[in-house]
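Some notes on the structure that comes next.
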Amino acid sequence: MALIDLSGISKTYAVGKDIAVKALKSIDLKIEQGEFVALMGPSGSGKSTLLAILGMLDRSDGGSYKLNGKEISALPDHEAAMLRNRFFGFIFQSFNLLPRLDILTNVLLPFIYSPEGITQKSRQKVASLMERVGLADRLRHSPTEISGGQQQRVAVVRAIANDPLVILADEPTGNLDSKSTEDIINMLVELNKNGNTIIMVTHNPDLAKYATRVLVLKDGQIIDDKIQASVKPGKTVYNTEFGKKKNGLSISPDSIKNYVKEALLSLKANKLRSFLSIIGVMIGVAAVIAMLAIGTGAKTAVEKSLSNLGTNLLMVSTSRRSGGISLGSDAVTRFNFEDLAALKKIEGVKNAIPYVNGSAQAVYGGRNWRTSIVGTETEYQSIKDSVPANGRFFTKSEVATRAKVAVIGSNVAKELFLEENPIGKSIRINRINFQVVGVLPEKGSAGFQNMDDQIIVPVTTAMYRLIGTDYINRFDVQAENPEVLSEIEAAIPATLGKLHRLQESQYEQIDVRNMADIQKAMNETIQTLTYLLGSIAAVSLLVGGIGIMNIMLVIVMERTREIGLRKALGAQNSDIMTQFLVEGTLICLIGGIIGILFGTSIAMIMSAIFGWNTLVSGGSVILAFSFSIFTGIVFSLWPARRAARLLPIEALRYE
Ligand code: ADP
Ligand code: MG
C-alpha cells in the first residue's frame, strides 16, 4: 500500500466571473514512504497547487486522496488541521517565520497545536535540532536578526520538529544564495536517508538530481515521471497511525497562558495602536463608572435633603400662579392665625405651624452675618425633627410674649461665634438684642435652602418686632399618617377659602403641596437622569467597542499570512478564534482597569468640586469590569471568526 495515493485529483480556480483556470487535471499519483520526489515544470503548471492539496492546505474539486490507505479528501476542518499538525511538515520559499516571536517560540509552534502541547521532550528535541543546524545560541533572538539561509534552517527545524511523515517544500531554496542552498538540500537528503518522505517543488535541475524521483508537470498534468534511485527502507520507523481526535475548543490553563503571552507581545509590537484602542475602551468604562457614581450620589443627596423636610407634611402657601405672574406677598390671600387654628381642626391633622420669612443682618462682637430669618412656633422642632443639639428651643410662652430669643443654625453659629459657645449670648438682629437659646442640629441643604444657615425666632417676634408684617407666609401641616394625606390635601383649599370668602374658582390661590409627591417627582427625575447618563456612557463604550472591532479587523488582515502559517502547522479554527478573542479581550480588560481607576478619580474630583456625594459602588466597578470584558468578546467575535475561517492556502498566499 502506497503512503500517498491520488486518483483523479483535479482543481479549478474561478478567476473573475466566467473564467475558470484548470490548475490540475485529473492527477493520478502514488508515492511510497521514503521517496524524495522533485516536482518540476514551468511556472503556472500546477506544482504549488498539487503540493497544497497533498498537504491538506487546500482541497481538490474531485478525485480521491488516500493517506496510508485512509480516504482524507473530504475530512472536516478540524481533522484536516490535525493531519497537518501530525503528518506534514511544510517548508516555504519565504520561510514564514513570525518576527514577533523569538526563534525558539517559532520552532515550538507545531507543539502548541498538537494534542500533547509543549512538553519537556519536545523542548529537548528542538534544542538538539537547533544544535545540529548550528543556531543553538540564537534561540532568544528574533528571526529578523539572522540571515536568510539561517532563517530557512530554522524553518526546516520547525517543519521536522514534530516528526512528520511527509515533508513538503515549495521552492525551499528559491530565496537563498548557493551556499545556503547547499546547506538546505543536504539537510533534506539526510532527512530522507533517515526515512522521511520528501516532496519538493523546484525549478533547479541541479537540485532535482538529489531526488530519488522526478515528476514533471505541465498544464495541470503529469507529463514525465522518472525514478532516479531506489528507495532504501529508512532507519526511523514513522508512526502512520491517525492520532486521537483533538476536541473542539482548545482552552486549558496552559494554552490560555500562551494566548495571553502572544497577545501581549502583539500589543507590544504596535504600541501606539494598542495605546489608542485601549484609550477608546478606557474612556467608555470611565464614563460608565463616573456617570453611575454621579447618578447615585445625586440620588442619595436628594433623598437626604428631602427627608430633612419632614415626613407626612403638606406645604400650604398662597399660589403664585394666579394670572400667570408672580404675586409674591401681594397675593390675594394673606394667611393669619385664624387660618392656622382652622388647619389644626381639619380631621386627621396632627399639627400645623406657621412660617414668616425674612432676612436680616446678625451681629455678634465684631462679626456680622447676613442670613434668613424664620418665624415659627415651638412645634417646629418636632415636625421638622430639629431638636437643638445644643441648648433648647423657645417655649410656647415665649411665643405668646413675643420674647426676643433665637435658635440659630450651625452655620450661623460658626460664622458669628467661631469656637465660642453661643448659648446665653446676646446677638443683635437688625439692631435688636436677642438671646441665643439653642443651636440647631446640622442638616445640610433641604432642596430650597440651607437648613444650617438660618435663625429661628418666635413667629410673633418675627412679625411684630423684627420684620413688621401682619400676615403669615405659609404653613406646614402634619398629617397623623400617610393614608390621610390626600384627604387633608383636598380639604385645605375649601377650609381656608371659606374663611377668606373666596369663590370656588379662586380656591386655586391656595396652593397645597404634598411632600411625598415632591419626593416621588424628584426621584423620578433623578432616575431619568441616571438612565440618561448611563446611556451616554454606554454609547461611549459602544464607540470604544467599535474601535476594538476596527482594530481587530486590521490586525487580522495584517496577520493573514501568519494565520495561514499557523493553520499549516496544525492550528484548529478554534485555536485561531481563541487567539484573537483573547487579544481583543485583553485590550478591553486593560482599558477597563485603567478606566475604572480614571472614572473613580473623575467621580472623586466631581464630588470635591461640587460638594456632591458621589458614590463609586463595588457593584458599579464589577459592572464596568464585566462590561469591558463583554465588549472585548462581543466586538472581537466577528474579526476572530473571520480569521478562524480563512482557508489555509489563501491565507498563505495573501500579500
Ligand atoms: P506553479 O506553482 O506550478 O507555478 P500554481 O499551482 O501556483 O503553479 O498555479 C497553477 C495555475 O493556477 C496557474 O495558472 C495559476 O495562475 C492558477 N492559480 C493558482 N492559484 C490561484 C488562485 N488562488 N486563483 C486563481 N488562479 C490560481
Ligand atoms: Mg508555485
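Any residue in segment 39-66 that is farther than 16 Å from Gly89 by Cα sitting within a Cβ distance under 8 Å of a residue that is more than 11 Å from ligand 2 (Cβ to nearest atom) and basic (Lys, Arg)? List the pairs, counting only those 6 or more apart or interchain.
Within 8 Å, the pairs are Gly41/Lys218; Pro42/Lys218; Ser45/Lys218; Gly46/Lys11; Thr49/Lys11; Ser60/Lys11; Asp61/Lys11.
Pick out the one residue from Ile373, Ile408, Ile432 that is within 18 Å of Gln361 (Cα to Cα) and touching a Lys or Arg at 6+ places or on another chain (Cβ under 8 Å). Give the steps one after another, and end with the answer.
Working: Ile373 fails: touching a Lys or Arg at 6+ places or on another chain (Cβ under 8 Å); Ile408 fails: touching a Lys or Arg at 6+ places or on another chain (Cβ under 8 Å).
Result: Ile432 is the single residue among Ile373, Ile408, Ile432 that is within 18 Å of Gln361 (Cα to Cα) and touching a Lys or Arg at 6+ places or on another chain (Cβ under 8 Å).
Does Val107 satisfy being in contact (Cβ under 8 Å) with a residue 40 or more places away in the chain and either in a helix (DSSP H, G or I) or in contact with a Lys or Arg (Cβ under 7 Å, 6 or more places away or on another chain) (or both)?
yes
Take segment 1-47 and flag every residue that is within 16 Å of ligand 2 (Cβ to nearest atom), among the hydroxyl-bearing types (Ser, Thr, Tyr) and either in contact with a Lys or Arg (Cβ under 9 Å, 6 or more places away or on another chain) or not assigned by TED's automatic domain parsing to the domain that holds Val189 (or both).
Residues satisfying the conditions are Tyr13, Ser45.
Do we have Leu615 as in a helix (DSSP H, G or I) and either within 21 Å of Ser277 (Cα to Cα) or open to solvent by 20 Å² or more (accessible area, probe 1.4 Å) (or both) here? Steps first, please.
Numbers: in a helix (DSSP H, G or I): no; either within 21 Å of Ser277 (Cα to Cα) or open to solvent by 20 Å² or more (accessible area, probe 1.4 Å) (or both): yes.
Criteria not met by Leu615.
Within the bounds of segment 181-200, is there any residue that is within 16 Å of ligand 1 (Cβ to nearest atom) and either open to solvent by 10 Å² or more (accessible area, probe 1.4 Å) or assigned to a loop (DSSP other than H, G, I, E, B) (or both)?
No, every residue in segment 181-200 fails to be within 16 Å of ligand 1 (Cβ to nearest atom) and either open to solvent by 10 Å² or more (accessible area, probe 1.4 Å) or assigned to a loop (DSSP other than H, G, I, E, B) (or both).
Table: residues versus (1) in the same structural domain as Asn204 (by TED's automatic domain parsing); (2) under 24 Å from Arg561 (Cβ atoms); (3) within 12 Å of ligand 2 (Cβ to nearest atom); (4) open to solvent by less than 10 Å² (accessible area, probe 1.4 Å).
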| site | (1), (2), (3), (4) |
| --- | --- |
| Ala52 | yes, yes, yes, yes |
| Lys66 | yes, no, no, no |
| Arg84 | yes, yes, no, no |
| Phe87 | yes, yes, no, yes |
| Ile91 | yes, yes, no, yes |
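What's the number of the only condition in (1) open to solvent by less than 50 Å² (accessible area, probe 1.4 Å); (2) touching an Asp or Glu at 6+ places or on another chain (Cβ under 7 Å) that Leu581 fails to meet?
It is condition (2) that Leu581 fails.
What strands (runs of 3 or more DSSP E) completely inside segment 1-67 contain at least 2 residues that are of a type in the set (Lys, Arg)?
Numbers: elements: 4-15, 19-31, 36-40, 62-67.
Ranges flagged: 19-31.
Can you name every residue in segment 166-180 that is within 16 Å of ligand 1 (Cβ to nearest atom) and either on the phi > 0 side of the Ramachandran plot or in a helix (DSSP H, G or I) (or both)?
Filtering segment 166-180 for residues within 16 Å of ligand 1 (Cβ to nearest atom) gives 168-175.
Matches in segment 166-180: Glu171 only.
Identify the single condition in (1) crowded, with 20+ Cβ neighbours inside 10 Å; (2) within 16 Å of ligand 1 (Cβ to nearest atom) that Leu29 does not satisfy, given that it satisfies every other one.
(1)
Here are some conditions: (1) at pLDDT 95 or above; (2) surrounded by fewer than 23 Cβ atoms within 10 Å (Cβ to Cβ); (3) away from ligand 1 (no atom under 16 Å from the Cβ); (4) of a type in the set (A, V, I, L, M, F, W, C). Phe36 meets all but one. Which one does it not meet?
Unmet for Phe36, out of (1) at pLDDT 95 or above; (2) surrounded by fewer than 23 Cβ atoms within 10 Å (Cβ to Cβ); (3) away from ligand 1 (no atom under 16 Å from the Cβ); (4) of a type in the set (A, V, I, L, M, F, W, C): (2).
I'd like the residue in segment 162-175 that is closer than 20 Å to Asn106 by Cα and surrounded by fewer than 21 Cβ atoms within 10 Å (Cβ to Cβ) and, out of all such residues, is farthest from the chain's Cα centre (by Cα).
Applying the filter and picking the extreme gives Asn175.
Output the residue which, of all residues in segment 480-491 that are within 30 Å of Leu440 (Cα to Cα) and modelled with pLDDT of 90 or more, is nearest to the chain's Cα centre (by Cα).
Only one residue fits best here, namely Glu489.
Tally time: how many residues in segment 508-564 are farther than 19 Å from Ala290 by Cβ and among the small types (Gly, Ala, Ser)?
4
Here's a check for you: in segment 387-444, which residue that is in a helix (DSSP H, G or I) and polar (S, T, N, Q) is farthest from Ser372 (Cα to Cα)? Spell out the reasoning first.
Let us first name the residues in segment 387-444 that are in a helix (DSSP H, G or I), namely 396-400, 410-417.
If we keep only those that are polar (S, T, N, Q) as well, we get 397, 410-411.
Values: Ser397: 24, Ser410: 13, Asn411: 12 Å.
Out of the qualifying residues, it is Ser397.
Any residue in segment 544-567 that's over 15 Å from Ser636 (Cβ atoms): show its pairings with residues that are hydroxyl-bearing (Ser, Thr, Tyr) and open to solvent by 50 Å² or more (accessible area, probe 1.4 Å) at Cβ separation under 7 Å, as long as the two are six or more apart or on different chains.
Listed by first residue and then by second, the contacts come to Thr560/Tyr654; Arg561/Tyr654; Gly564/Tyr654.
The values are calculated or read from the model by the stated rules, or taken from the named source; none is laboratory data. Note that the structure is a prediction, hence the values are computed from the model and not measured. Neighbour counts run over all protein chains shown; Cβ positions are idealised from the backbone, glycine included. With ligands, DNA and RNA removed, areas are computed over all heavy atoms of the protein, side chains included. Shrake-Rupley method; radii C 1.70, N 1.55, O 1.52, S 1.80 Å.
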